[in-house]
Amino acid sequence: MKKVFIHDLGIFAEGARGYAARVRAAMGGRRQTVIFTPNFQMLNAAAKNEDAAQLLRRADILLPDGVGVCLYCRANGLPTVERIAGIDAGFALLKFAARDGKRVFLLGAERGVAERAAKNLKAQIPRLCICGTHHGYFDKSLNSKANAAVCDRIRKSAPDVLLVCFGFPEQEKWIVENAHSLPSVRVFMGLGGSLDVWSGRQKRAPLFFRALGVEWLYRCMRQPKRFISLFKSL
C-alpha cells in the first residue's frame, strides 16, 4: 500500500480510486480492516500525545481528510496526497456495500439520529442493507454492562461494515478495544459527525467550502468553540 509518513503515521496515498479498490476487497476479505480519517488537527494531536498516535497506528488505512494534510505534504517536500473527505469515503463505502450485498450497522450520535440517518441513506442508495443502529450515549468502558450489551446487539445483527461516529479519539479507541469481539465485521470506519449530517440534523458545508477543502472552516464558523480546540492543537 502506498503511504506518505507524517509524524510517523502512514497516510494513504493511492487516491480515491485506490481507496475504492481497497475497501471493496476488504469487505470480501477474511481479515478485519480498520479505517480512520485523520485531519491535520488530529495529526497534530497525535504528534503531541503518544496515546493518540498509538490509536491511529492501529488503523490499516489512514485517509487524508482535510486540505491541511495535503498542504503539509507540499510544504515539507513530501509526495502529494489526494484529499479524501471522511464523509465522502463513508458514503462511497455504503454504495459499495449496497452493490456487493453487504450488511451495515450505524453506531453513534444522539438517540434517534442513527435511525434517521439510516432512513435517509436507504432512500439515496438502492439496496442498502442497514441491519442495525444504536446511539453513542452509553458507557463505553471496555468491561461495562452497557458496552457489552451494545457489542451483543451488533454481533446479533451480523454486519459486514460498522460505522462508528463518536468523534476523535473516542471512536478510534472504541474500535481498537472492541473489534476482536465483533467477528462478522470486515470493515470498521470512524466517521465523526457523519450521522448528524446524513440524518439532516447538521448541514454539511456548501460546495464552495468543500471545493477549497476547508470544510473545517465552515464548521468553525457555525460552532466557534471549534476555533479554540483548533488553535490548541497547533
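Within segment 183-195, the set of residues being modelled with pLDDT of 95 or more and either crowded, with 19+ Cβ neighbours inside 10 Å or among the acidic types (D, E) (or both) comprises V185, R186, V187, F188, M189, G190, L191, S194, L195.
In the set (1) surrounded by fewer than 18 Cβ atoms within 10 Å (Cβ to Cβ); (2) part of a helix (DSSP H, G or I), P79 fails one condition alone, (2). Remark: pairs (first residue in segment 99-113, on the phi > 0 side of the Ramachandran plot; second residue among the aliphatic types (A, V, I, L, M); Cβ separation under 7 Å; 6+ apart in sequence or on different chains) = G108/A114; G108/V164; G108/L195; A109/L195. Inclusion of L71 among residues that are in a helix (DSSP H, G or I) and surrounded by fewer than 17 Cβ atoms within 10 Å (Cβ to Cβ) is warranted.
For (1) part of a helix (DSSP H, G or I); (2) surrounded by fewer than 20 Cβ atoms within 10 Å (Cβ to Cβ), each residue gets a yes or a no:
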residue: K95; (1), (2): yes, yes
residue: R99; (1), (2): yes, yes
residue: F105; (1), (2): no, no
residue: A114; (1), (2): yes, no
residue: N120; (1), (2): yes, yes
residue: N143; (1), (2): no, yes
residue: A148; (1), (2): yes, yes
residue: D152; (1), (2): yes, yes
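Each residue in segment 154-169 was checked for being surrounded by fewer than 17 Cβ atoms within 10 Å (Cβ to Cβ) and not in a loop (DSSP other than H, G, I, E, B), and 2 pass. Against the test of being part of a helix (DSSP H, G or I), surrounded by 22 or more Cβ atoms within 10 Å (Cβ to Cβ) and touching a residue at least 60 places away in the same chain (Cβ under 8 Å), the options A52, A89 yield a single qualifying residue, A89.
The values are calculated or read from the model by the stated rules, or taken from the named source; none is laboratory data. These numbers were taken from a predicted model, which means no experiment stands behind them. Positions of Cβ are backbone-derived with ideal geometry, glycine not excepted, and every protein chain shown enters the neighbour counts.
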